[in-house]
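Some notes on the structure that comes next.
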Amino acid sequence: MSGSFRRLRTALSFAGLAQWLSVPALTAMAAMLTRDDDAAARAQALGGTLVLMLLPVLLLAPLAGLLAARVDRRLMLMIADVLRLVIVVTVPLVGLLAWTLAAAFLVSFVSLLWVAAARASLSALAPDEEARAARTATRAVYGPAPVAAVLFAVLALVADGTLGRGSRADLALYVTAGIFLVSTTAIAMIREIPATGTAALPAPLKLLFQGPGTAAARGLGLAIAGASLTAGAVVAVARVHTAALGGGDAGYGAVLAGLAFGLGFGVFLGPRVLVPFSRRRLLGLAVIAAALALVVLALVHNLVVVVFMTAFLGVFAGASWSTARAAVTDPDAPEDARPAAYLRSVALVTAVVAFIAVPLIAGALGPHRIELGDGVYDFEGSSAGLLIAAAVALVCGLPGYRRLDDRRGVPLVPDLRAALRGEVYTRPEAAAAAPQQAHRERGVFIAFEGGEGAGKTTQARLAAIWLRDHGYDVITTHEPGATKIGMRLRAMLLDRDTTGLSDRAETLLYAADRADHIANVIRPAMDRGAIVVSDRYVDSSLAYQGFGRQQPVEDIARVNAWATGGLVPDLTVLLEIPPQAGLRRLPAPADRMESEPQEFHERVRAGFRALAEADPGRYLVLDASRPQGELSREIQYRIREILPDPVPAGTEDATSTFPAIRDF
Ligand code: TYD
C-alpha cells in the first residue's frame with residue numbers, strides 16, 4: 001500500500017467523521033431552535049432536518065457525480081471540506097431554523113461531491129486494486145459513524161455543563177467545522193492525488209424503478225425495507241424520545257452511538273454467525289428481531305434500556321443488510337453491482353419514508369397518560385410512532401420470512417439449536433431414511449479446473465453470479481487457502497522461498513488444505529442445500545502432483561479420497577489452454593508452481609485431459625482461448641442440466657429443501 005494511499009485514507013476518515021458528526025449536530029440545533037414549540041412542531045423540524053439530509057442522496061447523486069468529474073479531484077476534496085466548514089460554522093452564528101434546514105441539505109449535497117471525488121482518488125492511487133480501493137472508500141465514509149455518535153454524546157455532556165440553554169448545540173457544530181479544517185489541511189498536503197477521472201454515483205430512485213434485475217433481489221428488498229424502517233424510525237424520533245426520557249442531547253448521542261455500533265457489528269456478524277443455518281431464514285428472523293427490539297424500546301421508558309435495545313436493533317438490522325447483500329452479490333463484485341445497489345436504494349427510500357412519517361405520527365398523536373390501576377403510564381407520541389413502525393416492519397418481516405424460507409417444514413427451534421452446535425438439523429424421519437435419501441438434502445458441487453491463466457477464476461465467478469441471479473444460494477470458494485489454516489498452508493505451498501519441499505509432503509499439504517476446506521466451508525454449505533462453486537479441487541492434485549510431479553496418480557487419488565470423505569463434484573468444468581499462452585496471461589512475478597518449467601505444465605495439461613477423458617459424463621471441457629461470453633454461456637447450459645428446478649416456496653416439504661426464491 002502506498003504512503004499517499006494511506007494518508008488519503010486517513011484524511012478521508014476525518015472528513016467522514018465530520019460529515020457524520022454534522023448529522024446529530026444539525027438535528028440538535030433544530031431541536032434547540034424549536035425548544036419552545038409544541039411537540040408536533042419539534043418532531044417535524046427534526047424529521048425535516050433528517051429528510052433534507054437524505055434528499056440529495058436520493059435525487060441528486062448522478063448530478064453530483066457529473067459535477068465532481070469536472071473538477072480536479074484534490075481541489076474537489078478541499079472545496080468540499082471548506083464549503084461544509086463554512087456552512088456548518090454559520091448555522092450557530094445565524095441561529096435560524098430555516099438556515100439550519102438549508103444547511104442540512106447543502107452539507108449533504110456537498111458530501112456527495114466529496115464521496116465521488118474520494119472514491120475516484122482512492123482508486124486512482126491503487127489502480128490495480130479496484131475492489132480494495134472501493135472497500136477502503138466505503139470504510140472511510142461509513143466507518144467513522146459510531147465514533148461520531150460517541151463524540152457527539154461527549155460534546156453534549158461538555159456543553160451541558162458549560163454553555164447556556166440557548167447555545168448548547170453550538171459546540172458540536174464548531175467541532176464539526178474544526179474537523180473539516182483538519183481534513184482539508186491533510187488533503188492539501190497530499191500532492192500525489194491525480195487530477196481527473198470519474199466515479200459514477202448510482203441514482204437510487206432510478207434503480208428502484210428499474211427494479212433489481214433479479215427475482216432474488218426483489219424478494220430480499222422486502223426484508224431490507226423492514227430492517228431499514230426499524231433503524232430509520234429510531235433515528236427519526238431519537239431526539240424527541242430521549243428528551244421525553246430526560247436524556248437531552250447526550251442521551252440522543254448515546255442512542256445514535258448504540259445504533260451505529262450495533263449496525264457495524266451486525267454487518268460484520270451477518271455472514272459469520274450460524275454458518276450452517278439457512279441464510280434466508282436468518283435474514284427473515286433478523287428483521288423480525290429488529291422489529292421486536294423496536295417494540296421494547298418504544299414501551300420501556302428508561303434511557304439505558306432504550307440505548308441497549310437500539311444497539312440490539314442495530315445488530316439485527318446490520319446483519320440483515322450484510323446477509324441480504326451476500327445473497328445477491330459475489331464478495332469480489334464491485335460495490336455498485338446492480339442488485340446490491342438496488343438493495344441500498346430500498347434501504348435509503350425506506351429511511352426517508354421513516355424520517356417523514358414517524359415524526360408526523362408522533363406529532364399527531366402527542367403524549368397520552370394511561371391510568372393503570374394505582375399507577376399511570378405516560379405514553380409519548382414518539383412511542384406510538386415507533387410502535388407503528390415496528391408493526392409495519394413486522395408486516396415486511398413476517399411474509400418476508402415465509403417467502404424467503406428455504407427450509408419449509410423444518411421446525412425453527414431445533415434448526416436453530418442444531419446450527420448453534422454447528423450442525424444442520426435433519427428431521428428424525430429423514431435421518432432414519434438415510435443414507436439413500438441423504439443426497440436429496442444436499443446441494444450441488446461444481447469445480448473449475450485448468451492450468452495457469454486459463455481464466456477459471458473469472459468463469460467461476462460469472463457462473464456464481466448467474467446462479468445467484470436465478471435465486472440460488474451460492475458459495476464461491478477456492479483451493480488452496482479458503483480457510484484460516486488453508487491460508488497458512490497456501491503460503492507454504494506457493495511461496496517461492498519454500499525450498500526442498502518433497503513431492504509427498506506437497507501432496508499431503510494440498511490434501512490437508514482440502515480436508516479443512518471440506519469440513520469448514522464445502523460441507524456446511526452443501527448440507528444446507530447451497531450450490532458450491534470451487535476454483536480448483538481434487539483434479540488439481542491429480543494433475544499437478546500426479547502428472548506434473550510424476551508421482552503415482554492412484555496413490556494421490558487414494559489420499560484425496562480419504563481427505564475429502566469421497567466427495568466428488570457433480571460437474572467439473574475444465575478450461576483448456578496451452579501452458580505458454582496461459583502463463584503469458586499472468587502478471588509476474590510467478591509463484592512456486594507457476595515457476596515450474598514448461599514441461600511440467602505440459603504434463604499437467606495432459607493430465608487434466610486424461611482425467612476428463614476417463615469420466616466424460618462429469619466433465620465439461622472447453623477451449624479457454626474462446627471469447628469469455630461464449631464460454632460462460634456454454635457453462636450455463638451445462639450447469640442448467642445438473643440443477644434441480646428452482647422450486648417455488650410453498651411446495652410440499654420433500655421438495656422445498658432446495659433454496660430458490662419465487663418471483664413475486
Ligand atoms: P492459485 O494462485 O490459486 O492459482 P490459480 O489461479 O492458477 O488457481 O494457485 C494455485 C496453485 O496451486 C496452482 O499453481 C496450482 C497449484 N495446485 C496444486 O499443485 N495442487 C492442488 O491440489 C491445488 C488445489 C493447486
Quick check: is even one residue across the range 629-637 surrounded by fewer than 16 Cβ atoms within 10 Å (Cβ to Cβ), in a loop (DSSP other than H, G, I, E, B), more than 12 Å from the ligand (Cβ to nearest atom) and free of Cβ contacts under 8 Å to residues at least 24 places away in the same chain? no
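Report whether or not SER595 is assigned by TED's automatic domain parsing to the domain that holds ARG584, of a type in the set (Ser, Thr, Tyr), over 23 Å from LEU462 (Cα atoms) and in contact (Cβ under 8 Å) with a residue 12 or more places away in the chain. Steps first, please.
On the way: assigned by TED's automatic domain parsing to the domain that holds ARG584: yes; of a type in the set (Ser, Thr, Tyr): yes; over 23 Å from LEU462 (Cα atoms): yes; in contact (Cβ under 8 Å) with a residue 12 or more places away in the chain: yes.
Here the answer is yes, as SER595 does meet what is asked.
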The conditions are (1) touching a residue at least 24 places away in the same chain (Cβ under 8 Å); (2) out of contact with any Ser or Thr (no Cβ under 8 Å at 6 or more places or on another chain); (3) open to solvent by less than 60 Å² (accessible area, probe 1.4 Å); (4) not hydroxyl-bearing (Ser, Thr, Tyr), and LEU96 fails exactly one of them. Which is it? (3)
Quick one: ARG325 ticks every box in (1) assigned to a helix (DSSP H, G or I); (2) surrounded by fewer than 19 Cβ atoms within 10 Å (Cβ to Cβ); (3) modelled with pLDDT under 90 except a single one, so which number is it? (2)
Any chance you could count how many residues in the range 238-290 are in contact with a Ser or Thr (Cβ under 8 Å, 6 or more places away or on another chain), in a loop (DSSP other than H, G, I, E, B) and open to solvent by 20 Å² or more (accessible area, probe 1.4 Å)? 1
Looking at the range 557-570, is at least one residue under 30 Å from GLY219 (Cα atoms), surrounded by 23 or more Cβ atoms within 10 Å (Cβ to Cβ) and more than 13 Å from the ligand (Cβ to nearest atom)? no
Just checking, does the range 595-602 include any residue being within 13 Å of the ligand (Cβ to nearest atom), open to solvent by 50 Å² or more (accessible area, probe 1.4 Å) and among the hydroxyl-bearing types (Ser, Thr, Tyr)? yes
Out of curiosity, is ARG528 among the charged types (D, E, K, R), out of contact with any helix residue (DSSP H, G or I) (no Cβ under 7 Å at 6 or more places or on another chain) and surrounded by 20 or more Cβ atoms within 10 Å (Cβ to Cβ)? yes
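Filtering the range 9-40 down to residues that are in contact with a Ser or Thr (Cβ under 6 Å, 6 or more places away or on another chain) and more than 19 Å from LEU106 (Cβ to Cβ), which residue is surrounded by the most Cβ atoms within 10 Å (Cβ to Cβ)? If you could, list the steps in order and put the result at the bottom.
In the first step, residues of the range 9-40 are kept if they are in contact with a Ser or Thr (Cβ under 6 Å, 6 or more places away or on another chain); the result is 9, 11, 14-15, 18-19, 21-22, 25-27, 29-30.
With the extra rule that they be more than 19 Å from LEU106 (Cβ to Cβ), the set shrinks to 9, 11, 14.
On the way: ARG9: 19, ALA11: 26, PHE14: 21.
So the residue we want is ALA11.
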By residue number, the members of the range 111-131 that are at pLDDT 85 or above and open to solvent by 10 Å² or more (accessible area, probe 1.4 Å) are LEU112, LEU113, VAL115
Residues of the range 501-546 being within 11 Å of the ligand (Cβ to nearest atom), of a type outside the set (Ser, Thr, Tyr) and not in a helix (DSSP H, G or I), which ones? ASP535, ARG536
Being farther than 13 Å from MET526 by Cα and modelled with pLDDT of 90 or more is the filter here, so list the residues in the range 437-451 that pass it. ALA447, PHE448, GLU449, GLY450, GLY451
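What number of residues in the range 445-455 are open to solvent by 10 Å² or more (accessible area, probe 1.4 Å) and more than 10 Å from the ligand (Cβ to nearest atom)? Full working, then the answer.
Residues of the range 445-455 that are open to solvent by 10 Å² or more (accessible area, probe 1.4 Å), as a first pass: 451-453, 455.
Narrowing the set further to residues that are more than 10 Å from the ligand (Cβ to nearest atom) leaves none.
Total satisfying the criteria: 0.
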Given the condition within 25 Å of ALA463 (Cβ to Cβ), of a type in the set (S, T, N, Q) and in the same structural domain as ALA463 (by TED's automatic domain parsing), answer yes or no: does some residue in the range 555-568 qualify? yes
Out of THR498, THR458, which single residue is at pLDDT below 95, outside any helix (DSSP H, G or I) and within 16 Å of the ligand (Cβ to nearest atom)? THR498
Sort out which residues of the range 470-504 are open to solvent by 60 Å² or more (accessible area, probe 1.4 Å) and in contact (Cβ under 8 Å) with a residue 24 or more places away in the chain, and write them in order of number. HIS470, HIS478, ILE485, ASP495, ARG496, ARG504
Regarding the range 74-81, can at least one residue be identified that is under 24 Å from GLY262 (Cα atoms), in a helix (DSSP H, G or I), in the same structural domain as ALA188 (by TED's automatic domain parsing) and at pLDDT below 95? no
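Quick one: is ILE485 in a strand (DSSP E or B) and either of a type in the set (Val, Ile, Thr) or more than 15 Å from the ligand (Cβ to nearest atom) (or both)? Give the steps one after another, and end with the answer.
Working: in a strand (DSSP E or B): no; either of a type in the set (Val, Ile, Thr) or more than 15 Å from the ligand (Cβ to nearest atom) (or both): yes.
Spelling it out, it is not the case that ILE485 is in a strand (DSSP E or B) and either of a type in the set (Val, Ile, Thr) or more than 15 Å from the ligand (Cβ to nearest atom) (or both).
The values are calculated or read from the model by the stated rules, or taken from the named source; none is laboratory data. Remember, it's a predicted structure, so these values are computed and weren't measured experimentally. Heads up, the Cβs are rebuilt from the backbone with ideal geometry, glycines too, and the neighbour counts pull from every protein chain shown. For the accessible areas, the whole protein counts, side chains as well, though only heavy atoms, and no ligand, DNA or RNA atoms are used. Shrake-Rupley method; radii C 1.70, N 1.55, O 1.52, S 1.80 Å.
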